1. Among the residues of the range 96-103, are any outside the structural domain of LYS275 (by TED's automatic domain parsing), at pLDDT 80 or above and either among the acidic types (Asp, Glu) or over 37 Å from the mean Cα position of the chain (by Cα) (or both)?
2. When only residues in the range 31-46 that are among the hydrophobic types (A, V, I, L, M, F, W, C) and surrounded by 14 or more Cβ atoms within 10 Å (Cβ to Cβ) count, which is farthest from SER276 (Cα to Cα)?
3. Determine which member of the set SER237, SER206, SER184, SER231 is assigned to a loop (DSSP other than H, G, I, E, B) and at pLDDT 85 or above.
4. Output the residue which, of all residues in the range 242-272 that are part of a helix (DSSP H, G or I) and touching a strand residue (DSSP E or B) at 6+ places or on another chain (Cβ under 8 Å), is modelled with the lowest pLDDT.
5. Looking at (1) at pLDDT below 75; (2) surrounded by 15 or more Cβ atoms within 10 Å (Cβ to Cβ), which is the one condition that is false for LYS5?
6. Any residue at all in the range 121-141 that is within 24 Å of the chain's Cα centre (by Cα), β-branched (Val, Ile, Thr) and modelled with pLDDT under 80?
7. Taking the range 109-120, which residues are surrounded by 10 or more Cβ atoms within 10 Å (Cβ to Cβ) and at pLDDT below 85?
8. Quick one: which of ASN165, ASN226 is more than 19 Å from the chain's Cα centre (by Cα) and at pLDDT below 90?
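The values are calculated or read from the model by the stated rules, or taken from the named source; none is laboratory data. Note that the structure is a prediction, hence the values are computed from the model and not measured. All Cβ positions, glycine included, derive from the backbone under ideal geometry; neighbour counts span all protein chains shown.
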Amino acid sequence: KDEKKKKSRFITLSLMFPVILTALILNYIVRAFNSSNQIWRYVVFFLVISFFIFIWKALGSGSLNGIKLRYEREAREKTSKAVTSGTSLLNHSIKNQIYKINSSLQIIQPHSHNLDASCQKAVEIINKSSNHLIEMVDRMQSQTQEIQVKKSNCDLSELMDEILNYVQKEMEAKCITVEKVYESNVYAYCDGTHTKEVFLNIIKNSIESMDKRGNIRVVMTKGIGNQVTVSFTDDGSGISEENLRHVTEPFFTTKGRRGTNFGLGLHYCYDVMLKSNGNLHVESELNKGTTVTLTFPLKG
């Protein structure tokens, strides 16, 4: 049922079947009738032809890099499934305990006026803390649940402008400017809702990396072949070389564990891009800035 695997197996079969069939005929069937026949030596030509067809197909579709990307994607999908199932189990256990606390609070609160001031304050703190924990657990669950991508032909510039308008006040408060470099009619085959969330995550990361004053450059171009490229470049604090290799891993963050930051933003973005048959690449230098490049398929 997996379309990627079906396509991969069909290409492999198309390359290997002629070679195997030729070897069977020339090595065994022909020699069965004439053992002195040396025609089996011509099998090497079919091997060479298949090899060059493979190279042509690989270079034509970018599959040499795609082979690496495919294994990377499969490894990422396994990691995401493990994170999803583990987090769901943890969230379920935490929620059960929180509900027990809340149930006990429901019994105590009607009689809290009989308690002294310090006990009343303690009850209030427990109530606020349990509500905060439920909010955090729900947010964590929403960021780790398996992503369902529904692709269609989307106008990327329209999606981008919508997100930039959404964060405009936040950027104005920090005196951050945006430079937009769009090619005309930049469309891509992706999930509009998830793609907007990806744009939002990346832009918010750029905003958070700058204290006061800065610039974010957004470039949209039709790349090589059937691809569209969107890049975000900021002049923020950047990421160290040591941390750069881990930025798309789940629960990895350089911002500290404040608020509802769980280090899932770029992991989510990377997951969305892979599920959209695209890619996400991060380049950064400490104290100089960061560039995040997204690659979208032009067609389904």
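1. yes
2. TRP40
3. SER237
4. The initial filter retains those residues of the range 242-272 that are part of a helix (DSSP H, G or I), namely 242-244, 265-272.
Next cut, touching a strand residue (DSSP E or B) at 6+ places or on another chain (Cβ under 8 Å) only: 244, 266, 269-270.
Working: LEU244: 80, LEU266: 83, CYS269: 87, TYR270: 86.
The qualifying residue modelled with the lowest pLDDT is LEU244.
5. Tallying (1) at pLDDT below 75; (2) surrounded by 15 or more Cβ atoms within 10 Å (Cβ to Cβ), LYS5 fails exactly one: (2).
6. There is at least one residue in the range 121-141 that is within 24 Å of the chain's Cα centre (by Cα), β-branched (Val, Ile, Thr) and modelled with pLDDT under 80.
7. GLN109, SER112, LEU115, GLN120
8. ASN226
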